[in-house]
Amino acid sequence: MTIPPGSVIGIVGGGQLGRMLAIAAAQLGYNCHIFDPAEHSCAADVAAKHTRAAFDDLTALRAFGAAVDVVTYEFENLPVEALEVLGDKLRPSTRSLAVAQDRAREKAFIEGCGASVAPWRQVSSLADVTAAVLKVGLPLVLKTRRYGYDGKGQAWVRSRREEQSGWQAIGEEPAIAEAAIDFVAEFSVIVARWADGRHAFWDSPENEHREGILRRSTVPCSDACAAQVEEAREAALSIAEALGHVGVLTVEFFASKSGPLVNEIAPRVHNSGHWTIEGAVTSQFEQHIRAICDLPPGATGLTGSGAVMDNLIGDDVGRWPELVSDPRLHVHIYGKGEARPGRKMGHFTRVGPRA
Ligand code: ADP
Ligand code: MG
């Protein structure tokens, strides 16, 4: 059922992804209502309304659900049971959330969809870590099952001596142990899916990370990634279909010598898709709004020859005077306040001229 412009879109989570969703929604004539516990939410700064309450506050969630026409979420570390009170109004549903927020469940789900992942084991004790080392080999990376992002909740184990320090470094939390992948490059598949199965892909960006944080996304990707995009798209679509996903879904891949390996999924718009704001006819943010409101898909082709998006992490945001002085750059500052180290403060995109 179409949710027409003039309706109210609820967004659970008040970070920069919510902010850019709200900006895209406003362009199409919707009003957004942000649900976030923080005193200052950079999404609420550009939205019509803000409910400030804990994510597991059922009374507040029910009132929020009653005040909006459709609800979406902009990050995945949310209590699934609490969000159930939003019922059918929630798009994507809690199924996408439940799978994406638990790395063990996520890996098993991806394998169940017929896609390949790095060799992995579930671990919940030091003895499990030792057993995993024997099975998947060294080096391996420990990743907590829950609450990891931007490389947080991860520790590398490079030798038998590091089993214990690695296990302690991740707080002895339930985790997965994953073999190190000697990847050629990393890329992502961003797909928007409608309730009736229609879907649209963007060109796949090649992604460069430093210290577990995305630094740069480039479109078009290199030939090494391009050769794997078709297979990766099939994997991403089968995951989206198995989830019954409505909205944008992002699947991160390692381009390995033996083909594309899924790293992780995000049931939402993604940092590696920010270039679509200026670099594609329809941005990932607008397309997500179109999909959850059941408007027709927008075109996803490039507006130029390609695009390069760089993140502004922590103090990088201090570069804004130089960046806004370069007329070729599209500068985005998220209005988050304090530039703590590792915090995503903004990004800038350069769209390549048409050939
Ligand atoms: P996050 O949720 O923090 O994004 P990821 O699992 O995507 O966690 O890890 C962040 C980055 O760390 C990846 O994009 C990749 O660069 C590196 N990384 C993660 N797992 C592996 C691995 N198994 N082998 C090699 N590099 C990895
Ligand atoms: Mg990642």
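Bear in mind that the values in this text are calculations on the coordinates, not laboratory data. Since this is a predicted model, take the numbers as computed values, not measurements. Note that we place each Cβ from the backbone using ideal geometry, even for glycine, and neighbour counts take in every protein chain shown.
With the biggest extent put first, the Cα atoms of segment 137-288 measure 51, 31, 26 Å across the principal axes.
Database remark: amide H of V246 closer than 5 angstrom to the amide H of S93 (H placed geometrically; neighbours at sequence offset of 5 or more, or on other chains; Pro and chain starts carry no H). Under 18 Å from a label point set 7 Å out along the Cα-to-Cβ vector of T130, the amide N atoms of segment 156-172 belong to 157-169, 172. Within the shell of other residues whose beta carbon sits under 14 angstrom from the beta carbon of G151, the net charge comes to 0, with Lys and Arg scored +1 and Asp and Glu -1.
Lysine pair count for the chain (Cα-Cα distance under 28 Å; residues 8 or more apart in sequence or on different chains): 20. The calculated 222 nm mean residue ellipticity attributable to helices in the chain amounts to -8000 deg cm²/dmol, summing -39500 (n - 2.57) over DSSP H runs of n ≥ 4 and dividing by all residues. Relative intensity of segment 242-344 on a log10 scale, I(q)/I(0) at q = 0.10, 0.12, 0.17, 0.21 Å⁻¹, equals -0.39, -0.56, -1.02, -1.22, per a Debye sum over C-alpha point scatterers of equal strength in the absence of solvent.
Along the chain, counting only GluC sites (Glu not before Pro) with a DSSP assignment other than H, G, I, E or B and at most 10 other Cβ atoms inside a 10 Å radius, the longest segment between sites is 40-210.
Distance from the Cα centroid of segment 53-72 to that of segment 210-268 is 31 Å (rounded to whole angstrom). Taken over the chain, the convex hull of the Cα atoms encloses 135 Å³ per residue. Pair-distance distribution of segment 109-187: all C-alpha pairs, bin width 5 Å, starting at 0; shares per bin in whole percent are 3, 17, 26, 25, 17, 9, 2, 0. Could you tell me the calculated FRET efficiency between S325 and R210, based on Cβ-Cβ distance and R0 = 25 angstrom, to the nearest 0.05? The computed FRET efficiency comes out at 0.50. Farthest toward the positive end of the dipole of segment 139-248, out of L140, S238, I170, is the Cα of I170, where the dipole comes from beta carbon charges about the Cα centre. By the Cα gyration tensor, segment 219-271 has an equivalent ellipsoid whose semi-axes, rounded to whole angstrom, run 20, 12, 9 from largest to smallest. Amide H contacts for A307 (H built 1.01 Å from N in the peptide plane; partners 5 or more residues away or on another chain; cut-off under 5 Å): V219, G352. Considering only alpha-carbon pairs that sit under 8 angstrom and 6 or more positions apart, the relative contact order computed for the chain is 14 percent. Within the chain, antiparallel bridges make up roughly 80 percent of the DSSP beta bridges whose residues both belong there.
How large is the dipole of segment 60-201 about the Cα centre if only Lys and Arg carry +1 and Asp and Glu carry -1, each at its Cβ, rounded to the nearest 20 debye?
Once rounded to the nearest 20, the dipole reads 160 debye.
Here segment 171-216 was treated as a single set of alpha-carbon atoms; its pair distances binned every 10 Å from 0 give 18, 33, 29, 19, 1 percent.
The magnitude of the dipole of segment 200-315, with charges of +1 and -1 set on the Cβ of Lys/Arg and Asp/Glu and taken from the Cα centre, is near 80 debye. In plain terms, the C-alpha convex hull of segment 177-257 casts an average shadow of 6.0 nm² when viewed from every direction. An ellipsoid equivalent to segment 62-203, defined through the eigenvalues of its Cα gyration tensor, has semi-axes of 33, 19, 12 Å when rounded to whole angstrom and sorted largest first. Shown here: segment 5-123, whose C-alpha atoms stretch 46, 30, 27 Å along the first, second and third principal axes, sorted largest to smallest.
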